[in-house]
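Written below as C-alpha cells is the structure these notes are about.
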Amino acid sequence: MAGSLVYRQTVWMRAAHWLWAVCLFFLLLSGLGIFNAHPVLYLGKESGFAYDNALLEIGARDGAEGPRGFVRILGHEADTTGWLGVSGEDVQAFPPAVTIPSYYSLATSRIVHFFFAWVLVGTLLVWLAAGLRSGHLRRDLWVTGADLRALPSDIANHARLRFRHGRRYNVLQKLAYAGVMFLALPLMIATGLTMSPGADAFAPWLLALFHGRQTARTIHFLVMLALVVFFLVHMLMILAAGPLNELRSILTGWYRVDADAEGEAE
Ligand code: HEM
C-alpha cells in the first residue's frame, strides 16, 4: 500500500544527476567519434601494424558485393555489416547515427569530448561536496554490514521484480550507484588523463599505473561499455519500480514510500 511522500533528493543531487546524464550522453557519442579515428584497442604499451597485441578491432574489407564490416575480438571475427565497420554508404567503425558530429571529424569530436569531460569533473566535485555536507553519501550510498546481510533477499526480490519503496536505497542500488560514482567515473577520468600528453608530463605516474597509454585507452573503452550496461539496467529498474514515483524523486526530490516504510528513520 502507498504511504506518504518523503523528501529524498536535494536540489544539488538532482542538478548534478541531470548534468552528468547530459555530459555522459555527449561524452559517449563524441568518444565513439574519436574511436573511429583508429578503431583498434591494444593491451600493453605498443600499438600499430608491427605488433600483435590488439584486443579488439572494428574494420572493413572488400567483399564481392562491396565492403563488409567486421569486429575481431582476441582473434575471433564476426561479420557486422550494417552495424559496425560498414553501415549503408558509410565505411567507418561506429556509424554516424551514434557519433558526434554525425560525420567524421576527429577535431570536432575531441573539442566536444574535452568540454564535457571537464563539465563532468566539475559536476562530480559539486556532488561530492554537497553529498558530504548533507550526509547523503554516508546515509544513502555507504554500504553497511546490515546491507550486506540483506543482499541475498534483495537479489531474490529484484529477480522477482518485487520492489520495496523505502526511504533509503536498497543494497543493490547502493552497490550500483557507489560503483558508478566511486569506481567507474574516477577510472574513466584517470584513464582519460593518462591518454593526455599534458597530464602525463604533469603526472608521469599515471602511465606506470595503467601500463601505458594504449592500456589506458582499452580500460577507458571497457568502462564506457560498463556504463552503457549500467544505464540500460538503470532504465529497466526505473520502469519496473514505478517510473512516475522514481522520476518525481529525481525531478522534484519527493518520493512516495510504501505504507510500512513510513516509520523508518530519516
Ligand atoms: C548516463 C546516465 C545516468 C547515470 C550515470 C545515472 C546515475 C545515477 C546515480 C549514480 C544515481 C544515484 C545518485 C545519488 O544518490 O547521489 C541515480 C539515481 C536516479 N536516476 Fe540516474 N543516471 C543516469 C541517467 C538517468 C536517466 C536518463 C533517468 C531517467 C529517465 C534517471 C533516473 C534516475 C532516478 C529515478 C534515480 C533515483 C531517484 C530516487 O530513487 O530517489 N537516471 N542515477
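Of the listed requirements (1) of a type in the set (G, A, S); (2) without any contact (Cβ under 8 Å) to a residue 24 or more places away in the chain; (3) surrounded by 18 or more Cβ atoms within 10 Å (Cβ to Cβ), G63 misses just one: (3). Taken together, L193, L187, L206 contain a single residue that is outside the structural domain of L43 (by TED's automatic domain parsing), more than 17 Å from the chain's Cα centre (by Cα), at pLDDT 95 or above and surrounded by 17 or more Cβ atoms within 10 Å (Cβ to Cβ), which is L206. Under the condition of being surrounded by 16 or more Cβ atoms within 10 Å (Cβ to Cβ) and either closer than 21 Å to F221 by Cβ or not assigned by TED's automatic domain parsing to the domain that holds H211 (or both), the residues counted in segment 7-42 number 18. Evaluation of G3 against the conditions (1) within 28 Å of A184 (Cβ to Cβ); (2) at pLDDT below 95; (3) part of a strand (DSSP E or B) shows that the sole unmet condition is (1).
Rundown of residues vs (1) touching a Ser or Thr at 6+ places or on another chain (Cβ under 9 Å); (2) within 16 Å of the ligand (Cβ to nearest atom); (3) of a type in the set (D, E, K, R), yes/no style:
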{"residue": "V11", "(1), (2), (3)": "no, yes, no"}
{"residue": "W20", "(1), (2), (3)": "yes, yes, no"}
{"residue": "G31", "(1), (2), (3)": "yes, yes, no"}
{"residue": "R61", "(1), (2), (3)": "no, no, yes"}
{"residue": "L74", "(1), (2), (3)": "no, no, no"}
{"residue": "T81", "(1), (2), (3)": "yes, no, no"}
{"residue": "V86", "(1), (2), (3)": "yes, no, no"}
{"residue": "V91", "(1), (2), (3)": "no, no, no"}
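Determine whether segment 158-170 contains at least one residue that is of a type in the set (G, A, S), in contact with a His (Cβ under 8 Å, 6 or more places away or on another chain) and touching a residue at least 60 places away in the same chain (Cβ under 8 Å). No.
The values are calculated or read from the model by the stated rules, or taken from the named source; none is laboratory data. In this text the structure is predicted, and so the values were computed from the model without any measurement. Neighbour counts are summed over all protein chains in view; Cβ atoms, including those assigned to glycine, are modelled from backbone coordinates with ideal geometry.
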